[in-house]
Structures are given as structure tokens and as C-alpha cells.
1. With the checklist (1) in contact with a Ser or Thr (Cβ under 7 Å, 6 or more places away or on another chain); (2) among the hydroxyl-bearing types (Ser, Thr, Tyr); (3) open to solvent by 10 Å² or more (accessible area, probe 1.4 Å) in hand, flag the one item Thr303 doesn't pass.
2. Which members of the range 203-259 meet the condition of being in contact with a strand residue (DSSP E or B) (Cβ under 7 Å, 6 or more places away or on another chain), open to solvent by 10 Å² or more (accessible area, probe 1.4 Å) and acidic (Asp, Glu)?
3. Please specify each residue of the range 64-82 satisfying the condition of being open to solvent by less than 60 Å² (accessible area, probe 1.4 Å) and over 20 Å from Asn163 (Cβ atoms).
4. Need at least 1 residues that are under 19 Å from the mean Cα position of the chain (by Cα) and without any contact (Cβ under 8 Å) to a residue 40 or more places away in the chain per element, so show me which strands (runs of 3 or more DSSP E) inside the range 219-321 make the cut, counting only ones lying wholly within it.
5. What about Glu151, is it free of Cβ contacts under 8 Å to residues at least 12 places away in the same chain, in a helix (DSSP H, G or I), among the acidic types (Asp, Glu) and open to solvent by 40 Å² or more (accessible area, probe 1.4 Å)?
6. List the number of the failed condition for Ser23; all other conditions in (1) open to solvent by 60 Å² or more (accessible area, probe 1.4 Å); (2) without any contact (Cβ under 8 Å) to a residue 12 or more places away in the chain; (3) not hydrophobic (A, V, I, L, M, F, W, C) hold.
7. Counting only residues that are in contact with a Phe, Trp or Tyr (Cβ under 7 Å, 6 or more places away or on another chain) and in a loop (DSSP other than H, G, I, E, B), which one in the range 326-363 is nearest to Ala31 (Cα to Cα)?
8. Looking only at the range 180-218, which residues are among the polar types (S, T, N, Q) and part of a helix (DSSP H, G or I)?
Amino acid sequence: MQIKNGNLYTQGCFFEPHDLILSGDRITRIAPSGFDSNEEEVLDAAGCYVLPGFVDVHIHGADGADFCDDTSDHISTISNYLGKKGVTSFLGTTMAFSEEILNHIIDDALPHFNQEEGGAVLRGINMEGPFFAKSKKGAQAERYIIDPDFEMFERLMERSKNNIRLCDIAPELPGAVEFISRAAKQCAVSIAHTTATYEEAKEGFAAGANHVTHLFNAMPPFAHRDPGVVGAALEDADYVELISDGIHIHPAMVRTVFQIFGADRVCLISDAMRATGKPNGEYTLGGQKVSMTDGKATLADGTIAGSATDLVECFRRAVHFGVPIEMAAKAATINPAKSVGLEKEIGSCSEGKRADLLILAQDLSVKAVIIGGKRIV
């Protein structure tokens, strides 16, 4: 396949006129615009942006399904929905649950890791919980929240066949610093659902944490005399997640995060739950009832419970809020891929990498999606 006449998002993170030649599931050549490859299948991307497929490292569900469901097709439902939207890789994200429940979730996911199923590819697990501060539980079920238990983490990692790529933890909890130092040797570790002070967060980063889960949400505020997790992250975190749906974070703060953290450290995420793509109504998240009205999902007490917005829409909104498109694209592609060790395969358009591509019109609507060299939209 040849994708011609498009504005390619290059490894230098600029849009430049180039053609792409695909063979099998790989990008085999980046050619000058208008190159004659004699390919039988040609996709004309004139006037369009050609980007790597988006990578969502924090998503719970979509289209009525949740990664933690116990059904035969919930992962395929999520994968198919995301693929059609332009997300080509994702981490299935858990909630605070018992080890027994997490075992079942892992067992259900095992056949799907890194498999081509016609939609977004499940690249691993984001283990969000249960090692959190109860006072910052957000939409996590308090009855499952416990202090860090490294032996439990090791058993889950082994059961997943080393497919836990991100583990979230509150660094102020008893044993958390030792947990971080050991877990960071096996996967990325993220500070999350925490009451940590600036000093406690710094200690967590020094121990090996390199990531912050949904910045500003479920953590102390960023204050001038008490900078907290956000202040520590500015100095020490490699990556911070940002939900740019306009509900979790004010548009002005979305712009500010990109300005102060820079283009290389922000990872746009959806934090999407099963209501994404569905009408207003009643849903569940982590075993708790959630109401979704006009894109805002909340528990009965008003606590925001994930989002109802997919990653590509979060990208569009970030651009609409004033984030330069080149920066927003980096935050939805190579940054999240790097944050969980997937950058050798996905996240950028370069020769030899997977042909996972998203083609957007000038208004950022989806024109085409290619996953593993096959056009699905």
C-alpha cells in the first residue's frame, strides 16, 4: 500500500509532505511526496494529516464494555471501538479489586495480548489499584484498597506473563518506597490516588517511579507553599498523564501543563469507561454505579468516574483548547509509547515500525485508520 500526498507526522515531530510505503504490517519506506511506487493499493491523503496510530495507556472501557468484565467478548468490543476511532494500541486498565478478581481479569486478557483482532491491539495492563490512599480513592471502591503488597504484585505479574506495563501507587503508604524500588525493575511505576506531600512524592520518584496518573485528579492541589505531587513531578517525573476532555481539567490548565512540562513529558489519556460511545444513562465502573450525562460520568455523590471521551476526541479538544497540534500529537503517540516501553514497535512513523496509522482531515475528523498494514476505516 502507498499513502500519498499527505502531511506526515515525522520523527522530528513536524508535519511534512511525505509518502509512506507499507508492506505487510510494516512501514517499509518514507518517500518523497508524489513518489511512484507502482503499488496496486493507493490511499490519497491529500490535504490530510498522516499520524502514527494513537496509544492509550489508561482506558477502562468503551462501547458498553469494561476491561474488567467477565464476558467472552468485552476486550474485542473495546478493541473494535477504539480501532474505528483511531486508537491502535491500548493498555487495559484495572481498578482496585481483590487479588482473586484481578486474577480473573488477567486470565481473560491473556489470549488477547499483542493479538491482531481487527481493532486496537491490547499491549498490556495498567494496574490502577489497589495500593492507594483511601481519602483520594476517587471512583475506586474503598473496600478493595490496601497498603502496598509486593508479593501480590509479583504473583499478578507472573500470572500476566509479564504483561503488566504500568503499576500505580500512592508513595506515602507504608512500604510504598520499597515497593516502588522493586516494581520499577519490572514495569513503569506511576504515582496515583495519593495524599503525598512534595517530599513524599520526591521520595517516590527517587525510588524509581517515573510517571504520574491523571495529573491533578485524585491528588493534592498544586499550591504556592505546598507544591505537592505536581511540584515534585515538574522536577522528577518522566511522564504525566492528562485527561483533556474539558471536564477533568480546565482548558487553561491543559494549555499550562503543556507549557510547563514541555512537549516530551505529557501523555494524553482518555481514562474512558464503558459509557464512552453510548447514550446518557446508568453504567458501572469498578463495581460502582455511574451516571453519564452529556459526556460527564459521576458516582452518586458527584465524584467524577472516569471519562466518556475517547483519546482521539481528547486530542481534538486539546488542539481546540490551544495546544499546538504537533505537541498534542506527540502526547497521543510516541510519549505514551515510550512511557511503557513500546516505542520500538509503535508510536512513530519510521521505516521498520508497525504500520499503525491514523489519517485525519483538516478538521481532525477521521479519514482512515490502518492497523498492522490493513485499512479498517
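1. Only one criterion in (1) in contact with a Ser or Thr (Cβ under 7 Å, 6 or more places away or on another chain); (2) among the hydroxyl-bearing types (Ser, Thr, Tyr); (3) open to solvent by 10 Å² or more (accessible area, probe 1.4 Å) is unmet by Thr303, namely (1).
2. Within the range 203-259, Asp238 is the sole residue that qualifies.
3. Within the range 64-82, Gly64, Tyr81 meet the criteria.
4. 239-243, 296-298
5. So Glu151 fits the description; yes.
6. With respect to (1) open to solvent by 60 Å² or more (accessible area, probe 1.4 Å); (2) without any contact (Cβ under 8 Å) to a residue 12 or more places away in the chain; (3) not hydrophobic (A, V, I, L, M, F, W, C), Ser23 is out only on (2).
7. Step by step, filter the range 326-363, then rank; the result is Cys349.
8. If the condition is that a residue be among the polar types (S, T, N, Q) and part of a helix (DSSP H, G or I), then Ser181 is the only one that fits.
The values are calculated or read from the model by the stated rules, or taken from the named source; none is laboratory data. Note that the coordinates shown come from a computational prediction; the quantities given were computed from them, not determined experimentally. Cβ sites come from the backbone with ideal geometry, for glycine too, and all protein chains shown count toward neighbours. Just the protein is used for accessible areas: all its heavy atoms, side chains included, with ligands, DNA and RNA removed. Shrake-Rupley method; radii C 1.70, N 1.55, O 1.52, S 1.80 Å.
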